[in-house]
Amino acid sequence: MHEITLCHYALEIMQQHAQQQQARRITAVWLEVGAYSCVEAQALHFCFDMVCRGTLAEGCTLHLQQQQALSWCHDCQCEVALPLPQVRICPHCEGHNLRVQADDGIQIKRLEIE
């Protein structure tokens, strides 16, 4: 389960930013999960709540945004959103000559502090 490691890293960054802003607490965070990250949303929520206990982020609301599996199809020259990250076939021309543009990690997109 790499979700707990991701949560620890995210929390560390969140706390550093909050302390720089002299915040008393972190109330919400928006994370964008890469289409190829292999992160399970339910596991991420569970781990996030667990690692936030006793920190500035205790009780923080976690908002997850799932990134689309975007690719560029060299065969039909179109940007395509793949229906599933595991499927690497162009939905327009059924070509296999795709360049993946989606991420495999998570990013902090927004942080709400008091």
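So for the chain, averaging the separation of alpha carbon pairs under 8 Å that are six or more residues apart and normalising by length, what relative contact order in percent results?
Result for the chain is 35 percent.
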Output for the chain (equivalent-ellipsoid semi-axes, sqrt of 5λ from the C-alpha gyration tensor, Å, descending) is 35, 14, 9
Charge dipole of the chain built from unit charges on the beta carbon (Lys, Arg +1; Asp, Glu -1), centred at mean Cα; most positive-end Cα among Val80, Thr55, Gln67 is Thr55
Expected max-MSF residue from Gly59, Gly95, Gly34 in the GNM of the chain (alpha carbon, under 10 Å) is Gly95
Residues whose built amide H sits under 5 Å from the amide H of Ala57, excluding neighbours closer than 5 in sequence, are Ile26
Toy charge model, Lys and Arg Cβ at +1, Asp and Glu Cβ at -1: the chain dipole around Cα centroid in debye, rounded to 20, equals 220 debye
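Each reported figure results from applying straightforward, stated rules to the coordinates on display, with no laboratory input. Here the structure is a predicted model, which means the values were calculated and not measured. Note that each Cβ is placed from the backbone with ideal geometry, even for glycine, and that neighbours are counted across all protein chains shown.
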